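J.: Starting off with a structure, shown below.
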Amino acid sequence: MAISAQDVKALRERTGAGMMECKKALEEADGNMDRAVDILRERGLAAAAKKAGRSTTEGLVESYIHSQGRIGVLMEINCETDFVANTDDFRNLAHDVAMHIAAAHPIYVRREAVPEAQIEHEKSVLKAQALNEGKPEAIVEKMVQGRIEKYYKEVCLMEQPYVKNPDQTIDQLVKEHIARLGEQIQVRRFVRFERGEDLEAQES
């Protein structure tokens with residue numbers, strides 16, 4: 001049977017698996033979404049979920065310099081063993097995530113790292129915006145929550161659309177590698193430098 005792009009996208013959002021894996025699973029399941037989820041779990045994504053609590057003390061500190069030295073990134077990405085850390089697959093992942101950070105300018109690794117005070121500030125600004133747009137107060141809270149979710153996707157690395165494949169988030173990209181390499185992988189931290197950043201504020 002023909003599998004629609006919408007179904008493939010929906011399955012991807014549910015599982016974090018790649019587009020081709022989702023399409024194949026749906027074809028094998030004759031379009032049954034729940035069965036396709038089970039197929040993907042059987043092929044490694046369930047194993048990836050089980051690895052979430054494992055210790056990740058190996059890995060790499062990856063650097064990326066972009067645009068003739070205008071932007072630079074240092075990022076630590078961890079895995080469980082030095083064997084996996086030395087594979088081309090893991091090194092390519094580290095390079096691609098560092099390159100994404102340079103291009104997409106995330107501020108935090110994941111939403112749990114966003115300070116509560118920052119979220120409250122954003123909510124107050126967004127609420128004022130919605131009220132100024134003339135929205136009824138009864139629906140303002142729902143609008144604010146929706147815009148906070150959008151804010152997370154803008155500032156949190158793991159929720160950003162991957163610059164080389166916007167249909168996939170960084171979290172989904174990492175999960176694909178967890179399933180493929182058989183180890184837990186975590187982006188631990190990063191710093192991003194942009195030439196001249198904040199200089200005007202410091203000199204004024």
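The values are calculated or read from the model by the stated rules, or taken from the named source; none is laboratory data. Computed from a predicted model, the values in this text were never measured in an experiment. Methodologically, a virtual Cβ is constructed for each residue, glycine included, from the backbone with ideal geometry; neighbour enumeration extends over all protein chains shown.
J.: List, please: which pairs have Cβ atoms under 7 Å, are six or more places apart or on different chains, and start with a residue in segment 9-33 that is closer than 19 Å to GLU176 by Cα and end with one that is assigned to a loop (DSSP other than H, G, I, E, B)?
T.: Partner pairs satisfying both residue conditions: LYS23/ILE3; LEU26/ILE3.
J.: Further, regarding this structure: At least 3 residues that are more than 25 Å from LEU60 (Cα to Cα) and charged (D, E, K, R) in each: list the helices (runs of 4 or more DSSP H) lying fully within segment 103-204 that qualify. I'd like the intermediate steps shown before the answer.
T.: Details: elements: 116-132, 137-155, 170-181, 199-203.
Where helices (runs of 4 or more DSSP H) fall fully within segment 103-204 and carry at least 3 residues being more than 25 Å from LEU60 (Cα to Cα) and charged (D, E, K, R), they are 116-132, 137-155.
J.: With (1) modelled with pLDDT under 85; (2) surrounded by fewer than 16 Cβ atoms within 10 Å (Cβ to Cβ); (3) assigned to a helix (DSSP H, G or I) as the list, and SER55 as the residue in question, which single condition is left unmet?
T.: In the conditions (1) modelled with pLDDT under 85; (2) surrounded by fewer than 16 Cβ atoms within 10 Å (Cβ to Cβ); (3) assigned to a helix (DSSP H, G or I), SER55 misses (3) alone.
J.: While we're on this one: Looking at (1) touching a strand residue (DSSP E or B) at 6+ places or on another chain (Cβ under 9 Å); (2) at pLDDT 80 or above, can you tell me which one LYS24 breaks?
T.: The failed condition is (1).
J.: Additional query: Go through (1) at pLDDT 90 or above; (2) buried (at least 16 other Cβ atoms within 10 Å of the Cβ); (3) among the aliphatic types (A, V, I, L, M); (4) more than 19 Å from the chain's Cα centre (by Cα) and name the single condition ILE65 misses.
T.: Among (1) at pLDDT 90 or above; (2) buried (at least 16 other Cβ atoms within 10 Å of the Cβ); (3) among the aliphatic types (A, V, I, L, M); (4) more than 19 Å from the chain's Cα centre (by Cα), the lone unmet condition for ILE65 is (2).
J.: Here is a list of conditions, (1) at pLDDT 95 or above; (2) not in a helix (DSSP H, G or I), and ASN92 meets all of them except one; can you say which number that is?
T.: ASN92 satisfies all of (1) at pLDDT 95 or above; (2) not in a helix (DSSP H, G or I) except (2).
J.: Only one of these conditions is not met by THR169: (1) touching a strand residue (DSSP E or B) at 6+ places or on another chain (Cβ under 7 Å); (2) surrounded by fewer than 20 Cβ atoms within 10 Å (Cβ to Cβ). Which number is it?
T.: Unmet condition: (2).
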